[in-house]
Amino acid sequence: MSEYSCFDIIGPVMVGPSSSHTAGAVRLGRFARAIAKELPQKVEILLHGSFAKTYKGHGTDLALLGGLLGMDTDDVRIRDSFRHAEEAGLIYTFTATDLGEGYHANTAKFVMTLSDGTVKEVVGCSIGGGKVLITELDGFPVEISGAYPTIIDTHMDQPGVIHMITGVLVDYGINIAGMKVFRQEKNTVAYMIIETDQCVPSYALEEIRALQPVLDVKFVKPF
Amino acid sequence: MIGSVETLIQLAHDNNSSIGRAMIKYEANLKQISEADVLAQMKHNWHVMKESIQTGIQEPKKSKGGLIGGEARKLHDYCAAQPNLLSGANIVGAVSYAMAVAEVNATMGRIVACPTAGSCGIVPGVLKKIQELDDLTDEQIAEALMTCAGFGMVIAHKASVSGAVGGCQAECGAASAMAAAAAVELRGGTPEQAGEACAMVIKNVMGLVCDPVAGLVEVPCAKRNALGASLAMVMADMALADVKSVIPVDEVITAMGAVGRSLPETLRETARGGLAVTPTGLALNKKIFGE
């Protein structure tokens, strides 16, 4: 257990009623927004487990949507998220479902249609006390906590790519707090999640993006 | 690492200060920021707490699930009109403030989790009442919140502050213990007496279950905030009278953790036991969720 801060105990400032079902849900929405990089045209939100059962009473639906609209966990406009979504022209649906075995009880899945027609999928769960874990990105299994600045890259699975990417971080004095690599098959596309101690400047991301085996790079600030 | 009340008390003695002041130093060191910045940040949280009290009293509203709303205002008005309250105006005042914050939480209003959203009214309720009584500054209250944080940290470390892990004793019980310890320091008690207040609160909530009707943070949560606020006031007075817990505070907290772990899952925030499965509890669940 890492050391507690006084503000872990007296805080966070949040809109109620539940840190797991409301504050955590806002953060899941904020992450989905960061992945979309824009307000989607349309979003289908699938709710699993306890989220599916109790989302109306806890305002989980309002919170997920509020996060997607860019609201923070202490934003009192969250209780009017439906109206704000309609004003912003966002088409949304909520469906209570069963995502299957192995999903945390407080899981939500975002299926977002962007302005260029592409579809982005994010699955994440609220694990208590407002903490969250992103578990899937476009069908790939990942683990992202949002506690650190996070680089999410996709690259061709081949020797030396990780070395090239971390080399760029070395050049900019960025320390890696944690990293994980995921792939579905050898020599195909791999996902890499790098959590850093420092924010990663856009020119460092550009350098990574320019590396030949790298397909895409996203950077998400702590959310 | 602050892993025991003994450490907290030692920290206060090492600094020749209250536990609250020692915690300001601890936090400044942890975050590598100035003590003034720590206090300013905590003052901001206090400001939000006071706002939620005011909203809950002045603008009563039905909760999101529709089960509660307006009770804090009722109590506040009764307290103002009744010169001879059974439990006294200080306790009833603190309780009305605590319930106000709990109600604001249930309407999706803004609160400070303390230590959790479900128990968010207890500390603000008690501290606001003492601020009024003793004419204290916001800085003094921010320092008292640091005392609360110290005790909360120990409880989180040795037991739990999550209803899903330890039942309601871990949420409203912890909040009440934190509030009682801070109340003792605000009234000039020693760090040891703050520890005694914490111990005596937890002894009185040992085993309290988390059994939310329909799984919502409404029933019985708002009224458990009332319990926490009133108990904190009484136990703070007992500690200030130099009454001591026979079982040392750290042992009490460890016992609370063990009791929490041995509670059946039905009584740990799952809405499958206690009040949640009474005929009325089940009927309300059906009414809200239609199942």
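Any read-out appearing in this document is the output of simple, stated calculations on the displayed coordinates, not a laboratory observation. Note that the structure is a prediction, hence the values are computed from the model and not measured. With ideal geometry, Cβ positions are generated from the backbone for all residues, glycine too; neighbour counts draw on all protein chains shown.
List of remarks:
- Shown in residue order for the range A:149-155 are the 3J(HN,Hα) couplings computed by the Karplus curve 6.51 cos²θ - 1.76 cosθ + 1.60 at θ = phi - 60°: x, 10, 9, 10, 10, 10, 8 Hz (x for Gly and Pro).
- For the range B:166-223, dividing the convex hull volume of the Cα atoms by the residue count gives 70 Å³ per residue.
- Using the rule -39500 (n - 2.57) for each DSSP H run of four or more residues, divided by the residues of the protein assembly as shown, the 222 nm mean residue ellipticity is -15000 deg cm²/dmol.
- Most tightly packed first, judged by the mean number of other beta-carbon atoms within 10 Å of their residues, the peptides B:158-165, A:60-67 read A:60-67, B:158-165.
- Chain A, relative contact order [Cα under 8 Å, separation at least 6], %: 20
- Taking amide H atoms as placed 1.01 Å from N in the peptide plane, the amide H of residue B:118 lies under 5 Å from those of A:19, each 5 or more residues away in sequence or on another chain.
- To the nearest ten degrees, helix A:161-171 and the longest principal axis of the Cα atoms of chain A are 90 degrees apart.
- P(r) of the range B:188-291 over all Cα-Cα pairs, binned every 5 Å from zero, in whole percent: 2, 13, 18, 17, 16, 12, 10, 7, 4, 2, 0
- For the range A:112-223, taking the reciprocal of the average inverse distance between every pair of different Cα atoms yields a Kirkwood hydrodynamic radius of 14.7 Å.
- For the range B:148-165, putting each phi into the Karplus relation 6.51 cos²θ - 1.76 cosθ + 1.60 with θ = phi - 60° gives couplings of 4, 4, x, 5, x, 4, 5, 5, 4, 6, 8, 10, 6, 10, 10, x, 5, 9 Hz, in residue order, rounded to whole numbers and with x for Gly and Pro.
- Links that overshoot a 27 Å alpha carbon limit, given the list A:120/B:64; A:109/B:64; B:62/B:286; A:37/B:62: A:120/B:64; A:37/B:62
- Of the GluC sites (Glu not before Pro) found in the range A:150-223, the ones in coil according to DSSP and having at most 14 other Cβ atoms within 10 Å of their Cβ are A:185.
- DSSP beta bridges fully contained in the protein assembly as shown are about 85 percent antiparallel.
- Base-10 log of normalised Debye intensity for chain B (one unit scatterer per alpha-carbon) at q = 0.09 Å⁻¹: -0.40
- Solvent-free Debye scattering, log10 I(q)/I(0), computed from the Cα coordinates of the range A:24-120 at q = 0.14, 0.21, 0.22 Å⁻¹: -0.45, -1.02, -1.11
- Left without a cysteine partner by the 4.7 Å Cβ rule in the protein assembly as shown: A:6, A:125, A:199, B:79, B:114, B:120, B:148, B:172, B:198, B:221.
- Using the Stokes-Einstein relation with a Kirkwood hydrodynamic radius computed over Cα pairs, the translational diffusion coefficient of the range B:1-133 at 25 °C and a viscosity of 0.890 mPa s comes to 150 µm²/s.
- Sparsely packed loop sites in the range A:1-94 (the GluC sites (Glu not before Pro) outside DSSP H, G, I, E and B with at most 12 other Cβ atoms within 10 Å) comprise A:3, A:38.
- The long axis of helix B:221-240 is offset from the longest Cα principal axis of chain B by roughly 30 degrees.
- The largest-to-smallest principal axis extents of the Cα set in the range A:89-152 are 33, 30, 23 Å.
- Angle in degrees between helix B:279-289 and the longest Cα principal axis of chain B, rounded to the nearest 10: 80
- Average Cα contact separation per residue, chain B, under 8 Å, 6 or more apart, as relative contact order %: 20
- Whole-Å distance, taken between Cα centres, linking the range A:1-76 and the range A:157-203: 28
- Stokes-Einstein D (µm²/s) once Rh is taken as the Kirkwood radius of the protein assembly as shown over alpha-carbon pairs, at 25 °C in 0.890 mPa s: 103
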